There are 2 protein chains.
Amino acid sequence: MPVDHTGPVRPTLAAVARRAGVSSSTASLAFNDSGPVAQETRDRILAAARELGYDGPDPRARSLRRGRSGIIGVVLEESLRDAFRDPMNVVMLDGIADVTGPSGNSLLLLTETAASGSSLVEAPVDAVVLFGCSPSVDSKVEIVQRRGIPVVAIEGRPLPGVLDVGLDNREATRALAEHLRGLGHTRVALVTLELDRDRRRGILTPSRIDSATSFTALQRVRGAEEVYPDIGGYATLGSTIDEGRIAGRALLADPATRPTAVIAQSDLLAAGVIRAAGELGLDVPGDLSVVGFDGVRIDDPAAAGLTTMVQPALDKGRAAGRGVLELLAGGSPSSVSFTSAFRRGSTTAPPPAV
Amino acid sequence: MPVDHTGPVRPTLAAVARRAGVSSSTASLAFNDSGPVAQETRDRILAAARELGYDGPDPRARSLRRGRSGIIGVVLEESLRDAFRDPMNVVMLDGIADVTGPSGNSLLLLTETAASGSSLVEAPVDAVVLFGCSPSVDSKVEIVQRRGIPVVAIEGRPLPGVLDVGLDNREATRALAEHLRGLGHTRVALVTLELDRDRRRGILTPSRIDSATSFTALQRVRGAEEVYPDIGGYATLGSTIDEGRIAGRALLADPATRPTAVIAQSDLLAAGVIRAAGELGLDVPGDLSVVGFDGVRIDDPAAAGLTTMVQPALDKGRAAGRGVLELLAGGSPSSVSFTSAFRRGSTTAPPPAV
DNA sequence: GTCGCGGATCGAATCGATTCGACAACGCTA
DNA sequence: TAGCGTTGTCGAATCGATTCGATCCGCGAC
């Protein structure tokens, strides 16, 4: 007989049933109140459970039998710290939880690092939501899909079989660019999100753009190019104020090549650019116009009145959540795409007189 | 024969074994590379798996058999949005992930709302980490513990059987108060975190304090009282800049009763108070000294040079993660307590001359 | 030549529930 | 009173793997 190291054995449903003098099938029915069970019997079973200290069926066994775990995986790109630094992600996550929470599902945080790469495959998830998917997930997605696990991607490259929750990134950026053109700007620079996994920071080159693997960032570049075909700029490593500041310093340092306007691909980046401008003694919008993207509330007065495209982050999250639920219910929802709204702030103005 | 609605059936380990001409036990060994398996056999099994499109064992079945799911539950107090608004939580979460990720565990987000209350009980978690536990979880914790699931609490009220990761909240606040006393302040007010679940915002009264159920907030109040026994103040609904601003407006509005210094229980609250002061035309630290708590980087220049107690948030998270792992390994780690470090910033000065 | 040992494999029990089909008891209608 | 639909309960199969003990085989040691 094996020695029990784990203290008193947790009672099982079978034990409860035995004590109540019923079969375990009946006990199961009582706990799930599915199927008809006489009130008296139910009471007896519940009493037996209380006496034995049984607190309901084991989730593991239940999920094996049912084929459902009640868990939805959320795949974030990076470390949690980076992911949560951007309010966008947090708000979208909240939107997902808004929808999936009440249905009794909870969210499992998965990151894309090598170590936990396996966890995406080994996690008992019923469905997966991808945040801005990068190429590295493609293969994993395939495996997950082959398992019959539904996949929803937020602003990912459209992939067969993946429900897409999209945004008018290209159009929206074009609108921003047109706003700047309308003001008279001709020397405009981009500050992009992370373009690829190679993780280099630096001046934006055509080849760099062509090799970009981040769908969202690329679409936003394309939108800007529709108005400013030869637009250059700076590629950052992600949506943070610090990255924006670094990019801003690089772009604004030399008065000779300095742009009169910057299109930042996120509000956080824009806030960073504005800081950099301030540090260099430049006035926004007097010397430099700056536009952002996202329309999130940033706790930084410098970015208070940012001209930006407001995207419905919460709704995007909710849509993703609804998509997951529909897919789990066996439906086949169609992809949705959201549109952003232009918000004129106080960070854009005509270029300075020469 | 039941009709299959789910398309091609996912192959099982048994199917793979059959195709490879081995028993399923051997196949299992091959996939877990536990036990001795001849190289040739292993290859044959893997080949069979590939042909059948088998991607490894089903996590649900595995976790039933093993009694482990590889999932650690993280219980946050509120909606995700609120929880992640405070950088402290994010950093601590990151610290946990730092430690638990490499061990192949992932984090399941659980909130305390009524709806998901059940999920804490129904989730297949191997362990649970509580963030600043409130009284409402006590009963749930009991159930979870009875299941033999280890519980780690970050700054919770010490509970039997719960591994505590604490902070010197009382001492640290006393240090801040002494700093203010040293500067000559006599009229000092508190701006507290959420004191209880009743969710009222308002002037701090002795009875309000006595009925507080938030352990951390209460300890910080006690620390301040050691220096200023009759200290009053304002109780907020949580650690946000907005709440701080509301509290600040309430405390600073009337010049007659205005304190010369405010002890805010978090940096976010402090930032809010500073904003409120600015809006009222008060100079910090000229007219008003403000101290915070946490020492997190806040993207708000107003709070840039905050005088505060810096707490090792990342280390706290890591300690919680390590605690979880040790408990899972059958060890019995002892509670840890971290200490905060005083950081003198530029938001404190002697009180204004009368 | 036999014994013993370690490597490779297999059979069968097990994890803890859910669920389908069968069945008994009961009240009701024709 | 025979037939029938309900209600309540049970037995047994099933979900898909892990793991313990047993078996078989080949090889080196004595």
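Quick notes
- Taking the criterion of being assigned to a loop (DSSP other than H, G, I, E, B) and open to solvent by less than 70 Å² (accessible area, probe 1.4 Å), the residues of the range A:301-334 that qualify are A:Gly305, A:Leu306, A:Gln311, A:Pro312, A:Gly330, A:Gly331, A:Pro333.
Listed here are the residues, each with its yes/no results for (1) touching a helix residue (DSSP H, G or I) at 6+ places or on another chain (Cβ under 6 Å); (2) of a type outside the set (D, E, K, R).
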position: B:Asp210; (1), (2): no, no
position: B:Glu225; (1), (2): no, no
position: B:Asp242; (1), (2): no, no
position: B:Leu251; (1), (2): no, yes
position: B:Val296; (1), (2): yes, yes
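- Unique match (being more than 8 Å from DNA strand C (Cβ to nearest atom), at pLDDT 90 or above, within 14 Å of chain A (Cβ to nearest Cβ) and open to solvent by 70 Å² or more (accessible area, probe 1.4 Å)) among B:Thr6, B:Thr12: B:Thr12
- Screening the range A:38-53 for residues that are exposed (fewer than 12 other Cβ atoms within 10 Å of the Cβ) and within 10 Å of DNA strand D (Cβ to nearest atom) and picking the one that is nearest to A:Ser25 (Cα to Cα) gives A:Ala38.
- Pairs are defined by a Cβ separation below 8 Å, a sequence spacing of at least 6 or placement on different chains, a first member in the range B:236-258 that is under 13 Å from B:Asp82 (Cβ atoms), and a second member that is among the β-branched types (Val, Ile, Thr) and open to solvent by less than 10 Å² (accessible area, probe 1.4 Å); the pairs so defined are B:Thr236/B:Val191; B:Thr236/B:Thr192; B:Glu243/B:Thr236.
- B:Gly101 vs. criteria in contact (Cβ under 8 Å) with a residue 60 or more places away in the chain, more than 16 Å from DNA strand D (Cβ to nearest atom) and within 24 Å of A:Val74 (Cβ to Cβ): no
- Within the range B:190-276, helices (runs of 4 or more DSSP H) holding 3 or more residues that are away from chain A (no Cβ under 14 Å) and of a type outside the set (A, V, I, L, M): B:206-210, B:215-227
- You will find that of A:Gly95, A:Gly132, the residue that is touching an Asp or Glu at 6+ places or on another chain (Cβ under 6 Å) and either closer than 30 Å to A:Ala264 by Cα or open to solvent by less than 10 Å² (accessible area, probe 1.4 Å) (or both) is A:Gly132 and no other.
- Among the residues making up the range B:63-79, those that are within 15 Å of DNA strand D (Cβ to nearest atom) and in contact with a Gly (Cβ under 9 Å, 6 or more places away or on another chain) are B:Ser63, B:Gly70.
- Taken across the range B:56-66, residues that are surrounded by fewer than 21 Cβ atoms within 10 Å (Cβ to Cβ), more than 16 Å from DNA strand C (Cβ to nearest atom) and either at pLDDT below 95 or within 11 Å of chain A (Cβ to nearest Cβ) (or both) do occur, with at least one present.
- Out of B:Arg181, B:Arg187, B:Arg146, B:Arg201, sole residue that is more than 21 Å from B:Gly248 (Cα to Cα) and surrounded by fewer than 20 Cβ atoms within 10 Å (Cβ to Cβ): B:Arg146
- The set of residues in the range A:25-54 being more than 13 Å from DNA strand C (Cβ to nearest atom) and more than 14 Å from chain B (Cβ to nearest Cβ) consists of A:Gln39, A:Glu40, A:Thr41, A:Arg42, A:Asp43, A:Arg44, A:Leu46, A:Ala47.
- Matching residues in the range B:67-98 - criterion: being within 7 Å of chain A (Cβ to nearest Cβ), touching a residue at least 60 places away in the same chain (Cβ under 8 Å) and under 20 Å from B:Asp126 (Cα atoms): B:Leu93, B:Asp94, B:Ala97
- Odd one out for B:Met1 among (1) at pLDDT below 90; (2) within 26 Å of A:Ile71 (Cα to Cα); (3) within 12 Å of DNA strand D (Cβ to nearest atom): (2)
The values are calculated or read from the model by the stated rules, or taken from the named source; none is laboratory data. Note that the structure is predicted; figures quoted are calculated from it, not measured. Ideal geometry is used to build each Cβ from the backbone, glycine not excepted, and the neighbour counts take in all protein chains shown. Side chains are part of the model used for accessible areas, which takes the heavy atoms of the whole protein and leaves out ligands, DNA and RNA. Shrake-Rupley method; radii C 1.70, N 1.55, O 1.52, S 1.80 Å.
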